[in-house]
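Below: one structure, written as structure tokens.
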Amino acid sequence: MRTVQAQSAERQQVTARLTSNVKGVTTDGKQQVQVRWTDENGTVRTGTTLVNSRTPEGATVPVWLDRQGAITSPPMTTLTARTNGWFVGGMAAVGVVGGFFGARAGMHRVLDRRRHAQWDAEWDLVEPLWSARFRR
């Protein structure tokens, strides 16, 4: 939530106007286009942003600016922050559980190998006596 608060404090939304037509169509339906806006000091600024491919020249679009006045992405929403938190927490839990089961399987493998080696050693001692009973 600190990221949401920090980004919300650092970024501001302004309305910009497209300075050219969007050319072509992309697979995601967005194109980079030149936009123009006026900052707080009354200075006209330009930059590029993604807009829908059918947006006409002169249309207004919202853009987000950082503290330096450069176009940036919108601030993270509370929902996105919560979703990211749950996802990272869930992946951490999966990692811990996976690590536990991996260590458990590794320990079983080591103990089974040891047990089978002991069984083979004991069988090497007992097998001649055992098989001799049936040779009569």
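The values are calculated or read from the model by the stated rules, or taken from the named source; none is laboratory data. Computed from a predicted structure; not experimentally measured. Glycine also receives a Cβ, built like all others from the backbone with ideal geometry; neighbour counts cover every protein chain displayed. Side chains are part of the model used for accessible areas, which takes the heavy atoms of the whole protein and leaves out ligands, DNA and RNA. Shrake-Rupley method; radii C 1.70, N 1.55, O 1.52, S 1.80 Å.
Would you look at the GNM of the chain, springs on alpha carbons closer than 10 Å, and say which of Asn52, Asn21, Asn41 moves the most?
Of the options given, Asn41 has the highest mean-square fluctuation.
Under a 5 Å amide H to amide H cut-off, with H placed in plane at 1.01 Å, what residues pair with Thr72 once short-range neighbours are removed?
Trp64, Leu65, Asp66
Out of the total accessible area of the chain (probe 1.4 Å, heavy atoms of protein only), what percent is carbon and sulfur? Mind showing how you got there, number by number?
On the way: 6060 of 10780 Å².
Carbon and sulfur together cover 56 percent of it.
Could you work out how far the C-alpha centroid of the range 1-55 sits from that of the range 61-114, in angstrom?
The range 1-55 and the range 61-114 have Cα centres separated by 30 Å.
Using a cut-off of 15 Å between beta-carbons, work out the net charge of the residues near Val4 (Lys and Arg +1, Asp and Glu -1, Val4 not included).
Details: positive: Arg2, Arg11, Arg82; negative: Glu10.
Here the charged neighbours net out to +2.
Which label belongs to the value computed from this structure, given these candidates for Rg/Rh (Cα atoms, Kirkwood Rh): (i) 1.00; (ii) 0.97; (iii) 1.57?
So the calculated entry is the one marked (iii).
Which residues in the range 66-100 place their backbone N less than 17 Å from a point set 7 Å from the Cα of Leu111 along the Cα-to-Cβ direction?
Only 100 pass the distance filter.
How much accessible area per residue does the chain have, in Å², with a 1.4 Å probe? Working shown, then result.
Details: 10780 Å² over 136 residues.
Heavy-atom SASA per residue in the chain reads 79 Å².
Per the helix-only calculation at 222 nm, which mean residue ellipticity applies to the chain, given -39500 (n - 2.57) for every DSSP H run of n ≥ 4 and division by its residues, nearest 500 deg cm²/dmol?
Working: 2 runs with 64 residues, N = 136.
So the helix-based figure for the chain works out to -17000 deg cm²/dmol.
Using +1 at the C-beta of Lys and Arg and -1 at the C-beta of Asp and Glu, which of Val22, Phe100, Phe87 has the Cα lying farthest in the positive direction of the dipole of the chain?
Phe100
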